[in-house]
């Protein structure tokens, strides 16, 4: 019992409502403080709500005791573990961060957009956390772009497009070359040369005039339409059979001999008297006279036949008309025979005019006409040394110059014998 008496009496239960902490909280003022501020006395006073959004660099670090997060420290850590400048020191106290740094848009707060899109303060994250944010899955927009890129790669490759373009350009170039060849270089029609035709004759292809034969009686016919063509030689005093030729584009046919023959005057035709303009009739009588020469013939017989031909010079000119070239070619054949039979015989080609005009005009004109005839005869093979020329003007008229018919006969080329 004595033991029980020694036991102290139990104290009355505490009335916690009357108990208050007597610890001085740092920064405590005379104003009432919250229970939180009374209890959490080991932590510095936290910034007010209006300070939120600003980074404060004076929070005591938390010690993680060597864990992976040892870049942060907690209160009570050893001084040796406290960095002189916390790694959070990359951001200084009260650094204003742009609204965009917290996912807001420009003008969300106070209507200012300064600093929007600027680089925010650098924070060093732990490796595990950093990997988490570095390996974020692509956004829907990025997925769509990636899918479009993959679809593009699945299409026609670029090198194939380039090859196709080169092929198209090559094809266009080939078409251009073909067109140029067809227009400028492709042979169109065929060609053939006609020989033995009367000089100065009209050459017709399928009854359409194509040109005039050259002084040697030849004619080059080019670009004839492919197929069967009919060549006709037309001359007032010579007949030529039609020639049929057939060719394809680009063909060069053999030479064609016309086989023409002179139209000879009939035995009933008057070959002693010609009226003005009867040049063709005189030429036909000329052919008949040459054909009737004996073999051999004399110089007198030859010049008698040669003087039948009437050359219708244009007024005031000395050019031999193309229609008379065939007659001169025929006469040259006989003159060459005479030179072979009588090498010493010299013939004269005399030019004569009517009485119109002065002698100063007529004499040179008659000389030029005689020279023109000789030039043509020499061109057909006559020895020029056995031919002489002389212009007489109107001095040796044989007919009356007061009539048209007389003047017609006085305008003449007359052959004569100079030496035998």
Among (1) surrounded by fewer than 21 Cβ atoms within 10 Å (Cβ to Cβ); (2) closer than 22 Å to residue 295 by Cα, the one test that residue 331 misses
(1)
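Inspect the range 219-234 for any residue being touching a residue at least 24 places away in the same chain (Cβ under 8 Å), in contact with a helix residue (DSSP H, G or I) (Cβ under 8 Å, 6 or more places away or on another chain) and within 16 Å of residue 323 (Cα to Cα) and give the result as yes or no.
Among the residues of the range 219-234, not one is touching a residue at least 24 places away in the same chain (Cβ under 8 Å), in contact with a helix residue (DSSP H, G or I) (Cβ under 8 Å, 6 or more places away or on another chain) and within 16 Å of residue 323 (Cα to Cα), which makes the answer no.
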Do you know which of the residues in the range 334-365 that are assigned to a helix (DSSP H, G or I) and within 18 Å of residue 290 (Cα to Cα) is farthest from the chain's Cα centre (by Cα)?
341
Given the options 294, 321, name the one that is surrounded by fewer than 19 Cβ atoms within 10 Å (Cβ to Cβ) and in contact (Cβ under 8 Å) with a residue 24 or more places away in the chain.
321
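Can you tell me which residue is modelled with the highest pLDDT among those in the range 310-333 that are in a loop (DSSP other than H, G, I, E, B) and more than 18 Å from residue 389 (Cα to Cα)?
321
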Of the residues in the range 255-275, how many are in contact with a helix residue (DSSP H, G or I) (Cβ under 8 Å, 6 or more places away or on another chain) and surrounded by 15 or more Cβ atoms within 10 Å (Cβ to Cβ)?
6
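The values are calculated or read from the model by the stated rules, or taken from the named source; none is laboratory data. For clarity, every value in this text was computed on a predicted model and none was experimentally measured. For neighbour counting, all protein chains shown are included, and Cβ atoms are generated from backbone atoms with ideal geometry for every residue, glycine included.
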